[in-house]
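K.L.:
Encoded as structure tokens, here's the structure I'll be asking about.
The values are calculated or read from the model by the stated rules, or taken from the named source; none is laboratory data. Everything numeric in this text was worked out from a predicted model, so none of it was measured. Cβ coordinates were reconstructed from backbone atoms using ideal geometry, including for glycine residues, and neighbour counts include every protein chain displayed. To get the accessible areas, we keep the full protein, side chains included, count just its heavy atoms, and leave off ligands, DNA and RNA. Shrake-Rupley method; radii C 1.70, N 1.55, O 1.52, S 1.80 Å.
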Amino acid sequence: MAKKRGKSGKGGKKPAEPDLRRLLRVPGGKPVDLAAFAADALPAGPGNKAEGLAATAGMGEELAGLQERLYAASTAGDRRRVLLVLQGMDTSGKGGTVKHVIGLFNPSGCRIRAFKAPTREELNHPFLWRIMRALPQPGEIGIFDRSHYEDVLIARVHELVPHRRLGRRYGQINRFEQSLVEDGVSVVKVFLHISPEQQRRRLLERLDNPDKHWKFNPGDLDERALWPAYRKAYEIALERCSTDEAPWYVVPADRKWYRDWAVSRLLLEQLRALDPRYPKGDFDVEECRARLLA
């Protein structure tokens, strides 16, 4: 929900930086009503597109530096890494977020995986099997375009598994994510919250532009008709799986520029909190310098 913005204090001081992880966090264990979250809201940060694009670009240098420090620390045995989980309805911008936000990082240190419908081999294993095979390694930033949550979203809406088994999956997910955190994974789960009106506009844009027909699937219209069921499925997942260790964040996604800024900011705050450090060299610096100068 949009909040009023504070003004600069006396003496021209800049307003305090937003604590976006606090503002957008979903309280765990409490009923979630997505209708209470405006998909076009600007809860904090830039107030227009020009400011948003500039602010996102302005985070690039610090994000890249923190990523390098995270990777460098892993060479000395630090097991920490970051996993960004992106979920949202069709056209909410999962792919766009990967393109514009992850583009701020060094791609060689990122592990990106888009989860489609499970293959025959994947169906022969527990639903978390394919997720575990795609996790980032120490020092990396992992990005999931869709994730293990598909198994409590699509599975619920289309009744792909019995309700008893579906109910157990929330607990399995929480235990799985807890184990990741204990192994040094910072799990940043983002629900890209788009309105049905904005989705209609984006789908019409794809139909009106032949160059975007490849992105359009008539089946998306069938899924769109199930919007209320998907919203309920997301509300249940957000309520049951937003934990202290791996909270959910709701990012307003009707404005693409704000979506990109907010996800970048969440990652920046998480990396700042980790505060990775360059490891100290295990060699004699002065001796090596002398040899080079000899």
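K.L.:
Per-residue counts of other Cβ atoms within 10 Å, averaged by peptide: what ranking do you get for 212-218, 278-284, 246-252, highest first? Please list the in-between numbers first.
P.N.:
Working: 212-218: 11.9, 278-284: 9.4, 246-252: 23.3.
The densest-packed peptide leads the list: 246-252, 212-218, 278-284.
K.L.:
Follow-up. Could you check how much of the accessible area of region 190-250 is carbon and sulfur, as a whole percent, using a 1.4 Å probe?
P.N.:
Ligands and nucleic acids excluded, carbon and sulfur reach 50 percent.
K.L.:
Points 7 angstrom from Cα along the Cβ direction at residue 50 and residue 280: gap in nanometres?
P.N.:
5.0 nm
K.L.:
What whole-number value in Å² describes the accessible area per residue of region 132-236 for a 1.4 Å probe? Don't skip to the answer; put the middle values down first.
P.N.:
Working: 5330 Å² over 105 residues.
Heavy-atom SASA per residue in region 132-236 reads 51 Å².
K.L.:
In Å, what Rg and Dmax follow from the Cα atoms of region 219-284?
P.N.:
Here Rg and the maximum Cα pair distance are 19.0, 67 Å.
K.L.:
For the residue pair residue 200 and residue 124, what label-to-label distance in nm results when each label sits 7 Å from Cα along the Cα-to-beta-carbon direction?
P.N.:
Label at residue 200, label at residue 124, 4.6 nm between them.
K.L.:
For q values of 0.10, 0.11 Å⁻¹, compute log₁₀ I(q)/I(0) with the Debye formula on a Cα-only model of the chain, without solvent.
P.N.:
-0.59, -0.71
K.L.:
Give the calculated FRET efficiency between residue 111 and residue 287 to the nearest 0.05, with a Förster radius of 30 Å applied to their Cβ-Cβ distance. Show your work: numbers first, answer last.
P.N.:
Values: r = 37 Å, r/R0 = 1.25.
The computed FRET efficiency comes out at 0.20.
K.L.:
Another question about this same structure. Quick check: pseudo-label points 7 Å beyond the Cα along Cα→Cβ at residue 208 and residue 57, how many nm apart are they?
P.N.:
According to this spin-label approximation, the distance is 2.7 nm.
K.L.:
Considering region 157-294, what Rg and Dmax in Å follow from its alpha-carbon atoms?
P.N.:
That works out to 23.0, 75 Å for Rg and Dmax.
K.L.:
Next up: Once you have the Cα-Cα distance between residue 163 and residue 72, take 0.36 nm times their residue separation minus that, and quote the gain in nm to one decimal.
P.N.:
Values: separation 91, 0.36 × 91 = 32.76 nm, distance 4.52 nm.
Length difference between fully extended and current span is 28.2 nm.
K.L.:
Which whole number in µm²/s is D for region 138-218 by Stokes-Einstein, with the Kirkwood Rh taken over Cα pairs at 25 °C and 0.890 mPa s? Show your work: numbers first, answer last.
P.N.:
Details: Rh = 15.9 Å.
Here the translational diffusion coefficient equals 154 µm²/s.
K.L.:
Based on the Cβ-Cβ distance from residue 30 to residue 182, what FRET efficiency comes out when R0 is 22 Å, to the nearest 0.05? Mind showing how you got there, number by number?
P.N.:
Numbers: r = 25 Å, r/R0 = 1.12.
With R0 = 22 Å, the Cβ-Cβ based efficiency is 0.35.
K.L.:
How large is the helix-only mean residue ellipticity at 222 nm for the chain, computed as the sum of -39500 (n - 2.57) over DSSP H runs with n ≥ 4, divided by its residue count, in deg cm²/dmol to the nearest 500?
P.N.:
Numbers: 13 runs with 135 residues, N = 294.
Only helices count here, giving -13500 deg cm²/dmol.
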